[in-house]
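The values are calculated or read from the model by the stated rules, or taken from the named source; none is laboratory data. Everything quoted here is computed from the prediction, not taken from an experiment. Every residue, glycine as well, gets a Cβ built from its backbone with ideal geometry; the counts of neighbours run over all protein chains shown. Surface areas here come from the heavy atoms of the whole protein model, side chains and all, with no ligands, DNA or RNA. Shrake-Rupley method; radii C 1.70, N 1.55, O 1.52, S 1.80 Å.
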Amino acid sequence: MQALSVPVSKSGGGKTKLKDVRVSYAERWQNNHWRAIKSAYGKSPFFDFFAEGYHDILYSKYEFLLDLNLALLSKCLELLNWHDKQIEITESFVEAPEPQYIDCRGYISLDRTPPGDEDASYSRYQQVFGKNFVSNMSVIDLLFCEGANANVIIGRSSMQPR
């Protein structure tokens, strides 16, 4: 597993709002990201169906990190056929969102076994590397390996936010 991160430009000091964080193009990080994705998933069953959309987003040169993240998230929702899901950006931190919203902040973790993960139940699927199933991967892992069946896999899994 390789963690991919997008370099950002340094701001003029002080705290920078998330919406104002700019992507840095001083390095050719898009090439590194695309090579890593292609190397890991190029032989997966659904890579050829979904790869172009991700490639186009990575090479679009978004000015702000938030816009890049929203484009990637929107692509994932589109490929999962979750057209009824809307992404809403708040102007300030909301401690406890209204019940009609799904608060996914606790789902994101860089750890292989995040705290609280003991209660999660992941439906296994055939991954392209290794013999043992690795949970808590990425949605592109699921999409490239399972295609349209990704919704079924997600539906069979139970996760509690951390």
Practice item. Give the residues of the stretch 60-71 that are closer than 30 Å to residue 100 by Cα and touching a residue at least 12 places away in the same chain (Cβ under 8 Å), sorted by residue number. Key: 64, 65, 66, 68, 70, 71
Practice item. From the list 24, 74, pick out the single residue that is touching a strand residue (DSSP E or B) at 6+ places or on another chain (Cβ under 6 Å) and without any contact (Cβ under 8 Å) to a residue 40 or more places away in the chain. Key: 24
Review point. Would a scan of the stretch 74-84 turn up a residue that is of a type in the set (Gly, Ala, Ser), open to solvent by 50 Å² or more (accessible area, probe 1.4 Å) and not in a helix (DSSP H, G or I)?
Key: no
Practice item. Please name all residue pairs, on different chains or six or more residues apart, with Cβ atoms under 9 Å, provided the first residue is in the stretch 41-59 and is under 17 Å from residue 69 (Cα atoms) and the second residue is open to solvent by 20 Å² or more (accessible area, probe 1.4 Å) and part of a loop (DSSP other than H, G, I, E, B). Key: 51/42
Check your understanding: Where residues in the stretch 140-158 are open to solvent by 50 Å² or more (accessible area, probe 1.4 Å) and of a type in the set (A, V, I, L, M, F, W, C), which of them is nearest to the chain's Cα centre (by Cα)?
Key -> 154
Check your understanding: Could you say which residue among 125, 107, 101 is touching an Asp or Glu at 6+ places or on another chain (Cβ under 7 Å) and either modelled with pLDDT under 75 or surrounded by 10 or more Cβ atoms within 10 Å (Cβ to Cβ) (or both)?
Key -> 125
